[in-house]
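Structure first, commentary second.
None of the figures in this text is laboratory data; all of them are computed from the coordinates on show. If you're wondering where the values come from, they're calculated on a predicted model, not measured in any experiment. Heads up, the Cβs are rebuilt from the backbone with ideal geometry, glycines too, and the neighbour counts pull from every protein chain shown.
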Amino acid sequence: MLFASLAAQASPLSAQQIKDLQSLVSQLNPIQQAWVSGYLAAAAQLAGGQAPVAAQQSNESAVLTILYGSQTGNAKTVASKIKAVAEQQGISVKLADIGSYKTTQLAKEKYLLIVTSTYGEGEPPESAVAFHKFLFSKKAPKLDGLQYAVLGLGDTSYEFFCKTAIDFDEQLAALGGKRLHARADLDVDYAAQAASWTETAVQAFAPELKQSAGNSAQVIAWPGATATVGHDSAYNKETPYLAELSVNQKITGRDSTKDVRHIEISLADSGIAYQPGDSLGVYFLNDELVVEAILAATGLNGATEVQLAGQTYSLKTALTEQLELTQSYPSFVEKYAQATANSELLELVKDKTALRQYLDNRQTLDVILQNPAPLTAQQLVDALRKQQPRLYSIASSQAEVGDEVHLTLGVVRYDAFGSTHFGGASGFLAERLEEGAALKVFVEHNDNFRLPDHETPVIMIGPGTGIAPFRAFLQERDQAGATGQNWLFFGNPHFTQDFLYQVELQDYLKRGVLSKLDVAFSRDQAQKVYVQDKLRLKAEEIWTWLQQGAYLYICGDGNKMAKDVHQALLDIVQQQAGFSAEEAEQYFDDLRQAKRYQKDVY
């Protein structure tokens, strides 16, 4: 229609030229069309043969750099979708993991967009630690020529919600950058808000970055649920694979204080591929008994229809399949209090510290059961947030197990308020899902937790279920016939009850796949011994391995263990190399930048 219209008008082009132009344009995608349009516009304004070069240089300089700092993959996915939206508008985009970004480049950036999660109690995700330190260091440059925007992903159940995004946003401004679009801090159910923020953010950058003014009317489209941005499979968080539970085996002893399961899941015919270091996302069904108890407490009929994210469900289905009933978070208490006019809860939400203490040992279901009150089905659904899949470090290598995936699952179980409480996914996998039954899963790739080449030595520190990825590492290196040495530090309460994968590890040790194995069973002697204590005992040898280029990995509890281990490592390099505390920190920052110090903590 466009070319027919051109031909009908008084066009300066001949009929053949219009035909040739139509043939060329039909072969170009929208981004290529935008580039050609910008090229021709620049050529018309500039002189002779210099025009194409000048236009090309202009386009090269007008690039939007998008950095993502991701702990579980969400920020990477959102950043990839923002890239797609920007490119629809003819904007040239450079997308990068913030952990791989060269900080020396920051002073040269003109247009920057950062998407970042926040880990734990206000800490940057592992991949963003070095960038965060650089930004707040004396080395940080003046950024008077920078225009930027920041998007934060977080969880309101944590006290320091989206703190890393706040830090980046405020520090970029303090260094002279111009905030081109206001920051948004998004909770776990972020999809709709992320799409809305992206639309306005891209529009804010567009006047500076568009390669062609002719694109101004183009419709922005947020990639939908079927998009496979950043994935090599048709299956992802939005479109999980319906897999089968093959094995659920308890691997702690009868008298253990822990219930740890070895889980095997069939991925047959899925085409799903994963690497050691990746995680498996698991969707779960809430306990039917819990759902019935909530319906009874609120006086609601499970057959009542409700709306959730534009879809219609029965209330019972929504509570069973779609909504979070275990993990607790402050916003639910506030919404539930308002919906039920509960004066005690309304007073409680005014005191953030008291509210967090209240939620320490309460699941969402406890708040409802302890404060029964009538409300509408839709009010209940609106107060709850959408269930998020749980991520588990993969404990297998496809080189060994083929179309299976293995997990090392710690079951969350505790008694409170007269009943036994289970974790959402761990209770589902360990207690309610039978072998042979179906479950929805997807692979979350983690490029920040990877093995080096097969010749490089590795030191792996993984107490408790933190052993999971290192089982995958050992399987991978065993199958590859790797020559690099492998040293594992493992810890748990008792040797007889809690030595996970003992037979496998002893076989690896016997065959030389595992070069060294140091174990710390904390409760088997009067004085507690942990993996960090074992590290200090081997200080000289650890330093030798590091000097020989060893890669260092930590997996497991991030709140205490990982911090204690990091401190032990700092002490070791200070002692062995004579470093100051500041030099020791810099040493590990440099290792992190070189991908030789990697963490998978939770």
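Could you work out the helix-only [θ] at 222 nm for the chain, with each DSSP H run of four or more residues adding -39,500 (n - 2.57) and the total divided by the number of residues, to the nearest 500 deg cm²/dmol? It comes out at -11500 deg cm²/dmol, rounded to the nearest 500. Using only Cα atoms, tell me the angle between helix 581-593 and the longest principal axis of the chain; keep it within 0 to 90° and round to the nearest 10. Rounded to the nearest ten degrees, it is 60.
Gain on full extension, evaluated as 0.36 nm per residue between ASP382 and GLU344 minus their Cα-Cα distance, stands at 11.6 nm. Here is the list for region 455-544: trypsin sites (Lys or Arg not before Pro) lying in DSSP coil, each with at most 14 other C-beta atoms within 10 angstrom of its C-beta, are ARG523, LYS528.
Hey, with R₀ at 22 Å, roughly what FRET efficiency would ASP259 and ASP564 work out to, going by the Cβ-Cβ distance, to 0.05? Given R0 = 22 Å and the Cβ-Cβ separation, E is 0.35.
Multiplying the residue separation of ALA107 and ASN371 by 0.36 nm and removing their Cα-Cα distance gives an extension gain of 89.6 nm. Projected over every direction and averaged, the convex hull enclosing the alpha-carbon atoms of the chain yields 34.1 nm². Within region 260-300, find all residues whose amide N lies under 16 Å from a label point positioned 7 Å from the Cα of ALA234 along Cα-to-beta-carbon. In region 260-300, the label zone of ALA234 (backbone N under 16 Å from the point 7 Å along Cα→Cβ) covers 267-273. Placing dummy labels 7 Å off each Cα toward the beta-carbon, the span from ASP524 to ALA174 is 4.8 nm. Working from label points 7 Å from Cα in the Cα-to-Cβ sense, the LYS510 to GLN203 distance is 6.8 nm. Residue exposure proxy: LYS142, LYS133, LYS250, ordered by other Cβ atoms within 10 angstrom of their Cβ from fewest to most, comes out as LYS142, LYS250, LYS133. Full extension of the segment from SER137 to ARG362, taken as 0.36 nm per residue of separation minus the current Cα-Cα distance, would add 77.0 nm. By the Stokes-Einstein formula, at 0.692 mPa s and 37 °C, region 308-435 with its Kirkwood radius over alpha-carbon pairs has D equal to 196 µm²/s.
If both residues of a DSSP beta bridge must be in the chain, then about 45% of such bridges are antiparallel. Computed from Cα atoms, the angle from the helix 502-511 axis to the main principal axis of the chain rounds to 80 degrees.
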